[in-house]
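Worksheet: one structure, shown below.
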Amino acid sequence: MSSSVSLPGKLAQLASYFEQHGNYIYKGKSPENSSPLYAYLSQQVSQDPDLLALLVNVDTSTTVTNLFFSAVHFLLLKQPVHPLAKFYPDLTAQPRPPHESYPPFRSFCLEHKEELIHLITTRPVQINEVRRCSALALAFCLLGQRLQGQPLALVEIGTSAGLHLLWDSYAYDYGEGRSLGSQESSVRIVSAFEGSFPIPGKQPFPLVASRVGLDLNPLDVHNEDDMLWLRALLWPEHHDSQQLLQSAIEVVRQHTLPLVRGDASMTLPQVIAAIPRKHALCIYHSYTLNQVPRQIRKNILDQILQHAQQRDLYRIEQEGYSFQQSPSLLLHTYQNGQMRSEHLASCESRGRWIKWQPTQVN
């Protein structure tokens, strides 16, 4: 297919997304942060009007490329005998090279056209990358130090299956003897750390009084298709992330977590109102607000600021808004109706490293 293919309107926009993600996101800067298969397929899809046409009804405020490849991955996990499976490192011991993958990929997509369209128009991108908790845990511990024993009430926006709600059930290894959590946990998260470690000694996690997750479409850890979708959202080369995911799912299955269905801009006020004032309210979101339309993001943040007129609260933000910059970890403190923000760290998008750089933002 020629790179000079001229595409109208929406198809041209979609083509640009696939080209950019093929060049920047899926290539990554290291093998641990890349997907050679998706990098190659992205470039090919960007020049294929037939496959781009499958995506014309997708909300482009989401990560369209991840959504499409996850839908294909999901169907392939259900049908691993298809020739395309031979290119997926999580489905075969000796995957064939990516540059040979496009004919069977294209064939698979056209064979499963209706199923793909259904998936990409009904299932959102809901990655629960468990290793991202490595940065969240540090932010919660730092907040716990400042609260001096006051229990936390956690509200997560974009909770997916709730795996990040149980961050304090996991063990963390930051290298050089720096660790957090119970090292007996079945979920052991390793993340490289740079900077001055903010948590002294073996300080325990802060007390959590309550936790609730908000999501447009919460996933059920006891539902086989929901959990297969979570697995499909992970890139096929990332075996370690898939193992962490399965371990975290087993932990979450031992708990009953309140997950609230609906648009957070609609459900958040009622959830916040039910939290006792004796608890320190902490709202957090990880790679969620960067995937919603700007106006919805503004509505949610405006609501939080409005609620801060009635009570003090905290917000932990782990988001990436640009291809060119590493995602950031921020702590926002709302007191007397005013917000003060601190940049705590730069992070790798899957939690593989954390560069601690505490600075006041405003």
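Which order do Arg178, Arg253 take when ranked by solvent-accessible area (1.4 Å probe, heavy atoms of all protein chains), largest first?
On the way: Arg178 40, Arg253 85 Å².
Correct descending sequence by accessible area is Arg253, Arg178.
Using modelled amide H (1.01 Å from N, peptide plane; none on Pro or chain starts), what sits under 5 Å from the amide H of Tyr284, excluding residues fewer than 5 places away?
Under 5 Å from the amide H of Tyr284: Val155, Glu156, Ile157, Ile316.
In the chain, once you exclude exposed GluC sites (Glu not before Pro) (DSSP loop, at most 14 other Cβ within 10 angstrom), what's the longest stretch remaining? Provide the component values of the computation, followed by the final result.
On the way: sites that count: Glu176, Glu184.
Counting at most 14 other Cβ atoms within 10 Å as exposed, the longest clean stretch of the chain is 185-362.
Under the Karplus relation 6.51 cos²θ - 1.76 cosθ + 1.60, θ = phi - 60°, what is the ordered set of whole-Hz ³J(HN,Hα) values for region 173-187, x standing for Gly and Pro?
Using θ = phi - 60°, the values come out as 10, 9, x, 6, x, 8, 8, 9, x, 7, 6, 8, 4, 6, 10 Hz.
Stokes-Einstein D for the chain at 25 °C, 0.890 mPa s, Kirkwood Rh over Cα pairs, in µm²/s?
115 µm²/s
Taking R0 as 56 Å, what FRET efficiency do you get between Gln242 and Arg146 from their Cβ-Cβ distance, rounded to the nearest 0.05?
Using R0 = 56 Å, I get an efficiency of 0.95.
Counting DSSP beta bridges with both partners in the chain, what percentage is antiparallel, nearest 5? Kindly include the intermediate steps, with their values, before the conclusion.
Details: 22 of 48 bridges.
About 45 percent, rounded to the nearest 5.
Once you list every other residue whose beta carbon is under 11 Å from the beta carbon of Ser328, what net charge do they have if Lys and Arg are +1 and Asp and Glu are -1?
Working: positive: Lys355; negative: Glu317, Glu319, Glu342.
So the surrounding residues net to -2.
Note down the relative contact order for the chain as a percent, whole number, built from C-alpha pairs under 8 angstrom at least six residues apart. Working shown, then result.
On the way: 638 pairs, mean separation 58.7, N = 362.
Contact order relative to length: 16 percent.
Just to verify a number: FRET efficiency for Asp263 and Leu207, C-beta to C-beta distance, R0 = 35 Å, to 0.05?
On the way: r = 30 Å, r/R0 = 0.87.
Rounded to the nearest 0.05, the efficiency is 0.70.
What is the percent carbon and sulfur in the accessible area of the chain, measuring with a 1.4 Å probe over the protein chains and ignoring ligands? Before the final figure, lay out the partial values.
On the way: 7880 of 15850 Å².
Using a 1.4 Å probe with all protein chains present, the chain comes out at 50 percent carbon and sulfur.
How much accessible area per residue does the chain have, in Å², with a 1.4 Å probe?
On the way: 15850 Å² over 362 residues.
So the chain comes to 44 Å² accessible per residue, rounded to a whole number.
So, counting K/R as plus one and D/E as minus one, what does the shell of residues with Cβ under 12 Å around Cys133 add up to? Before the final figure, lay out the partial values.
Details: positive: Arg131, Arg132, Arg188, Arg350; negative: Glu129, Glu156, Asp168.
Value of the local net charge: +1.
Quick one: which residues, 5+ away or cross-chain, put their amide H under 5 Å from the amide H of Ser326? H built at 1.01 Å from N.
Distant-sequence amide H within range of Ser326: zero hits.
Mind listing the long-range amide H neighbours of Phe193? Cut-off is under 5 Å, sequence gap 5 or more, other chains count too, H placed in the peptide plane at 1.01 Å from N.
Long-range HN contacts for Phe193: Ile354.
Determine, at each q value in 0.14, 0.24, 0.25, 0.26 (inverse angstroms), the log₁₀ of I(q)/I(0) that the Debye formula gives when each Cα of region 120-162 is one equal point scatterer.
-0.47, -0.95, -0.98, -1.02
Between their Cα atoms, which of Lys78/Lys355; Lys29/Lys202; Lys78/Lys298; Lys202/Lys355; Lys202/Lys278; Lys29/Lys86 are more than 31 Å away from each other? Show your work: numbers first, answer last.
Working: Lys78/Lys355 39 Å; Lys29/Lys202 33 Å; Lys78/Lys298 39 Å; Lys202/Lys355 20 Å; Lys202/Lys278 26 Å; Lys29/Lys86 25 Å.
In this structure, Lys78/Lys355; Lys29/Lys202; Lys78/Lys298 lie more than 31 Å apart at Cα.
Please report Rg over Rh for region 1-131, where both radii come from the alpha carbon positions and Rh follows the Kirkwood definition.
Looking at region 1-131, the ratio lands at 0.93.
Calculate the length of the line joining the C-alpha centroid of region 179-224 to that of region 22-92, in whole Å.
Distance between centres, Cα-based: 29 Å.
Could you work out Rg/(2.2 N^0.38 Å) for region 210-362, with Rg from alpha carbons only? Walk me through the numbers on the way to the answer.
Working: Rg = 16.9 Å, N = 153, 2.2 N^0.38 = 14.9 Å.
Dividing the Cα radius of gyration by 2.2 N^0.38 Å gives 1.13.
When all alpha-carbon pairs of region 266-337 are counted, what percent fall beyond 19 Å?
Values: 926 of 2556 pairs.
Looking at region 266-337, the distances longer than 19 Å represent 36 percent of pairs.
Of the residues Thr288, Thr60, Thr92, which exhibits the maximal mean-square fluctuation in a Gaussian network model of the chain defined by a 10 Å Cα contact cut-off?
Result: Thr92 has the largest fluctuation of those listed.
At a Förster distance of 35 Å, what's the computed FRET efficiency of Ser185 paired with Ile296, Cβ-Cβ distance as r, to 0.05?
On the way: r = 35 Å, r/R0 = 1.00.
Approximately 0.50, to the nearest 0.05.
Over region 297-359, what per residue volume does the convex hull of the Cα atoms give, in whole Å³? It would help to have the intermediate numbers written out before the result.
On the way: hull volume 5.6 nm³, N = 63.
Residue-normalised Cα hull volume stands at 88 Å³.
Which value in Å is the Kirkwood Rh of region 215-278 over different Cα pairs? Can you show the working numbers first?
Values: mean 1/r = 0.0720 Å⁻¹.
That comes to 13.9 Å for region 215-278.
Residue-wise, which Karplus ³J(HN,Hα) couplings in Hz belong to region 151-161, taking 6.51 cos²θ - 1.76 cosθ + 1.60, θ = phi - 60°, and x for glycine or proline?
Working through the residues one at a time gives x, 8, 10, 9, 10, 9, 8, x, 7, 6, 9 Hz.
The values are calculated or read from the model by the stated rules, or taken from the named source; none is laboratory data. None of the values given here were measured: they were computed from a predicted structure. No Cβ is skipped: glycine too gets one built from the backbone with ideal geometry, and neighbour counts run over all protein chains shown. Ligands, DNA and RNA are stripped out before the accessible areas are found, and what is left, the full protein with its side chains, is counted by its heavy atoms. Shrake-Rupley method; radii C 1.70, N 1.55, O 1.52, S 1.80 Å.
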